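Report on the structure given below.
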Amino acid sequence: MSTPISIHQRTYETEAFDEGDGTMRIVGRLVDTKPHGLGLADGEPITIHDMTVELIVQGDTFEILDVRPSMAVHPYGHCTAILDSYRRLIGESVARGYSRKVKELFGGPGGCSHIGALLIALGPVAIQASWGRAQLHSDLSEYGQEELEGADLERRLRLNENTCHVWSSDGSQIALLRRGESADRPGWMTERLVKLGVDPDPRPR
């Protein structure tokens, strides 16, 4: 069997920042590279797309306040003509229904497929970033166990419900939380607590 040869590489880089004013800045970059230069004479790798999107998101409601797409590398001069249209996302939520909205507004000839893919990748980043933001603003206990009740609990459940099999609406994770009990800790948290000499099971015995 012949050795596989890399013919295309796509990388995503994402990062989220707490802006200190109640908002988060979610930054993503997409880079497409052809390792063999698309058959050009020198055969050197060539970058064919290098695009960045910044979303300014309200931390508590996940409302998109601003959208800032840019293209450092793009195939054609008129690729950038579509960039201003992404401001149509302002006022939308980056939480539930976000991917569907991106496809609805910018699918096919309505946008750039690469910017669209990057935008969709940023949705889960914003949700994950909200946990880090909560910790910064002291919504977590000393050992990272979130104290949730009432409206805060319902908000967290709405964000997570049916996003995967663990958070199925009829699964044990949501059932535990609705009963006011502590759900299982993530594996990485358990490992860190054991290393710190802390009992990783918060539930009474």
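The values are calculated or read from the model by the stated rules, or taken from the named source; none is laboratory data. Since the structure is predicted, the reported quantities are computational estimates derived from the model, not experimental observations. Note: ideal-geometry Cβ built from the backbone for every residue, glycine included; neighbour counts use all protein chains shown. Heads up: the accessible areas ignore ligands, DNA and RNA and are worked out on the full protein's heavy atoms, side chains in. Shrake-Rupley method; radii C 1.70, N 1.55, O 1.52, S 1.80 Å.
For segment 84-96, does any single residue satisfy the condition of being without any contact (Cβ under 8 Å) to a residue 12 or more places away in the chain and over 25 Å from Ser6 (Cα atoms)?
So far as segment 84-96 goes, yes, one or more of its residues are without any contact (Cβ under 8 Å) to a residue 12 or more places away in the chain and over 25 Å from Ser6 (Cα atoms).
Which residues, counting only those in segment 126-144, are out of contact with any Leu (no Cβ under 9 Å at 6 or more places or on another chain), at pLDDT below 50 and surrounded by 14 or more Cβ atoms within 10 Å (Cβ to Cβ)?
Leu140
Applying the selection to segment 183-205, what residues are in contact with a Leu (Cβ under 7 Å, 6 or more places away or on another chain) and either exposed (fewer than 10 other Cβ atoms within 10 Å of the Cβ) or more than 23 Å from Ala95 (Cβ to Cβ) (or both)?
Residue satisfying the conditions is Pro200 alone.
Any residue at all in segment 17-36 that's farther than 21 Å from Val102 by Cα, touching a Lys or Arg at 6+ places or on another chain (Cβ under 9 Å) and not in a strand (DSSP E or B)?
yes
Could you tell me whether Ile90 is touching a Pro at 6+ places or on another chain (Cβ under 7 Å) and surrounded by fewer than 18 Cβ atoms within 10 Å (Cβ to Cβ)?
no
Is at least one residue of segment 67-87 at pLDDT 95 or above, of a type in the set (Asp, Glu) and over 19 Å from Ala121 (Cα atoms)?
There is at least one residue in segment 67-87 that is at pLDDT 95 or above, of a type in the set (Asp, Glu) and over 19 Å from Ala121 (Cα atoms).
Take segment 1-57 and flag every residue that is open to solvent by less than 50 Å² (accessible area, probe 1.4 Å), within 20 Å of Arg133 (Cβ to Cβ) and not hydrophobic (A, V, I, L, M, F, W, C).
The answer is Gly22, Thr23, Gly28, Glu54.
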